Amino acid sequence: MTQALTFYIFSGISIVSALMVFSSSNPVKSVLWLVSVMVGVSGLFFNLSAPFVAMVQILVYAGAVVILFLFVVMIFDMKTEGKQVFSYGTFSSGLKVLFAGGFFGFVVFQIFFQIDRFGYLVPDKSAPQFEVRNLSKIIFTDYVFLFEVLGLLLLVIPIGTVALSRIRGGTHAE
Amino acid sequence: MLNNLLMPGLGHYLLVSGILFTIGLLGVLLRKNIIVILMSIELMLNAVNLTFVTFGYYLNDANGAVITLFVIAVAAAEAAVGLALVVTLFKNFHELNIRFFEHLKG
Amino acid sequence: MGASAFEITVNLIKMIVIFLLMVQLVPILVWVERRGSAFIQNRFGPNRVGPLGLTQLLADAVKFLFKEEFRPPKSVAFMYYAAPVVALIPGALAFGSIPLSAPFSLEFGGEEFDFVFQSFQFGAGIVFVLAVSSLGAYALLFAGWGSGNKYSLMGALRASAQMISYELALGLSLVGILMIYGTFSFAEMVEAQQGPLRFVLFGKQIVVDFLPNWGIFYQPLGFILFFVATFAETNRAPFDLPEAEAELVAGYHTEYGGLKMLMFYIGEYGHMMVASGLLATFYFGGWDLPFGSAWIKDSVSSSFMYSMIMHLVFMGKVLLFLWIFIWVRWTLPRFRYDQLMDLGWKTMLPWALFNTILTAVVVVAFNSFGGAA
């Protein structure tokens, strides 16, 4: 019962906030709604008995990534020009909406007609599959190469970021 | 029957994930502000993470959560580079409309 | 986190009690800060109202309550009013998840109930505290943007950049101690730090009788890094650039007055309390009293009394660290902004990485510890 209640609360929060991210005309508001999406998704992770993943979600997304977004938006005062938030072109926009709607319809169709095949799946609540010890064991045995590559990526990213932000002019210099 | 439908299960979580992904997709396709497009990409990544964790939970498999951790790390890196690009663009052009950048020739 | 309605209710009540405990400590800290700074600067400080100036706080509270309520005309209403409230939340949530004392059991109508002296407990408690306290930057950004003031915005941007930079060093300096104790749970960590100093070296058990089994003896470098990083995270001097009054008027809370200002104050002191609690828990044995815990446990009749005494021990440690926070504020001058960033990225981050690698090498190569010591 509690699980049902928290599921509906958190999924409601995340979907409504996602819609607000999509439709806000002011980027600052979009960023703030994005925080709310992150918190909602983190609550859903918690509901799926993955507290560690939920905490990492808050720590990395809400605590670092979204603050970076907010930081950039605020420091340059990037207001959208006017109320027109969507790119122009009626025909192309219609096509895009049609494509996205088709994708969503496909997902819903798959869920409704394939879900019975997964009816046998019953989560084993006593098993500690999402415990930190278990997760780290998998990371450092099965995925150790991926982990090392990720470390390399995290080394390359700051260098690239510093290089990008130090560019003066380039081909488009005025 | 209704009680059974209201009780959240595999399908409910997947549906939420699908809705989030579609909103993110629409954001990438329709919005014209580059920063909001980056945010929509984060939304899509979140939706995918939710799917991973859901299946991990229902299949009793920790791999779902592990992949989610990797995706979060990559998403953070991607956001850092994306924002650095946006800052450089904004410094050079004072423009954030994605349609402004569709002509690649200088 | 509880699953049943009873457990959730108990947790909520405990959360409120611990929040009130935190808020009650703030006026005393303000008094200590003012008297302490006066003592350090060879002044008197507030000494007219009541004995030792203690009722000055009451007068201050009344003053705060009766100040005029206003909003700057160019501010954003929602963010302007949300910021002080958001400033309170991370401190309250994080302080609630630190074990303030030993668990105890009480009897209600012939049934025994076990309680933990913290609002909620779950496996990844340390990650929870880090996650929640990283949300503290939002209060500053809300205040800076919502005030519609350039000084506020500059202060907020400085603050958030500083918090993000030092969060890396903070997290990395903790990895060493996490490796040694092999747990993410506060309770297990405190449990592992009891008794005399003992560890396994080259497969041999070594016991040092005259030292407690505290984290600081295993992680001195980690302790220094964590200690410095907490100063930056709480935006206290010498890292109080967000509110550098010589450059930015008062930083992010320039436009705030009265009760809203007070809430920012409580938030800042809450952050300090969380930092002190974490320092005590990670490096100074939490609620453990060296060489005395076992004796007290034997001589006190109920587990509730034992828990209360241990709570006093814990609060003693926390107050000691709070005094060090105040002491440092009135001793060291403020950093320049580039010095701050240099310290964070070029000094503390490499040393934290070095500490991590050193700990890993010692734990694996010397076959020490083996999980919990």
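For this structure, a couple of remarks:
- Number of residues in the stretch C:118-139 that are farther than 27 Å from A:L32 by Cα and among the aromatic types (F, W, Y): the value is 2.
- Note on the stretch B:59-71: among residues that are part of a helix (DSSP H, G or I) and surrounded by 20 or more Cβ atoms within 10 Å (Cβ to Cβ), the one that is farthest from the other protein chains (Cβ to nearest Cβ) is B:G64.
- C:G285 falls short on exactly one of the conditions (1) of a type in the set (G, A, S); (2) at pLDDT 75 or above; (3) outside any loop (DSSP other than H, G, I, E, B), and that condition is (3).
So that you can scan it fast, the table gives a plain yes or no per residue for (1) free of Cβ contacts under 8 Å to residues at least 24 places away in the same chain; (2) within 30 Å of C:Y80 (Cα to Cα); (3) over 14 Å from the mean Cα position of the chain (by Cα):
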| site | (1), (2), (3) |
| --- | --- |
| C:G222 | no, no, yes |
| C:G251 | no, yes, yes |
| C:G292 | yes, no, yes |
| C:I296 | yes, no, yes |
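- Filter result for C:G176 (surrounded by 21 or more Cβ atoms within 10 Å (Cβ to Cβ), within 16 Å of C:L278 (Cβ to Cβ) and more than 10 Å from chain A (Cβ to nearest Cβ)): yes
- Within the option set B:L50, B:L30, B:L43, being within 7 Å of chain A (Cβ to nearest Cβ) and in contact with a strand residue (DSSP E or B) (Cβ under 8 Å, 6 or more places away or on another chain) holds for one residue only, B:L30.
- Looking across the stretch C:149-173 at every residue that is surrounded by fewer than 23 Cβ atoms within 10 Å (Cβ to Cβ) and small (G, A, S), the one that is farthest from C:G251 (Cα to Cα) is identified as C:G171.
- Complete set of residues in the stretch C:36-51 that are over 23 Å from C:T331 (Cα atoms) and surrounded by 12 or more Cβ atoms within 10 Å (Cβ to Cβ): C:V49, C:G50
- Selected residue [in a helix (DSSP H, G or I) and farther than 27 Å from C:L135 by Cα] from C:D298, C:D338: C:D298
- Residue check for B:F90: among the aromatic types (F, W, Y), part of a helix (DSSP H, G or I), closer than 25 Å to A:A163 by Cα and at the interface with chain A (Cβ under 7 Å from one of its Cβ atoms): yes
- Checking the stretch B:2-13 against the condition returns a match, with at least one residue being closer than 23 Å to A:V60 by Cα and either of a type outside the set (V, I, T) or surrounded by fewer than 20 Cβ atoms within 10 Å (Cβ to Cβ) (or both).
- Members of the stretch A:4-27 that are of a type in the set (S, T, Y) and either farther than 15 Å from B:L6 by Cα or surrounded by 21 or more Cβ atoms within 10 Å (Cβ to Cβ) (or both): A:S11, A:S14, A:S17, A:S23, A:S24, A:S25
- Test: residue in the stretch C:224-235 that is touching a strand residue (DSSP E or B) at 6+ places or on another chain (Cβ under 9 Å), free of Cβ contacts under 8 Å to residues at least 24 places away in the same chain and not in a loop (DSSP other than H, G, I, E, B): no
- Test: residue in the stretch A:16-35 that is closer than 20 Å to B:Y58 by Cα, part of a helix (DSSP H, G or I) and more than 7 Å from every other protein chain (Cβ to nearest Cβ): no
- Residue check for C:F335: in contact (Cβ under 8 Å) with a residue 12 or more places away in the chain, surrounded by fewer than 21 Cβ atoms within 10 Å (Cβ to Cβ), among the hydrophobic types (A, V, I, L, M, F, W, C) and farther than 22 Å from C:I164 by Cα: no
- Tally of residues being farther than 24 Å from A:V73 by Cβ, facing chain B (nearest Cβ under 7 Å) and part of a helix (DSSP H, G or I) across the stretch A:36-55: 3
The values are calculated or read from the model by the stated rules, or taken from the named source; none is laboratory data. These figures come from a predicted structure and were not determined experimentally. Heads up, the Cβs are rebuilt from the backbone with ideal geometry, glycines too, and the neighbour counts pull from every protein chain shown.
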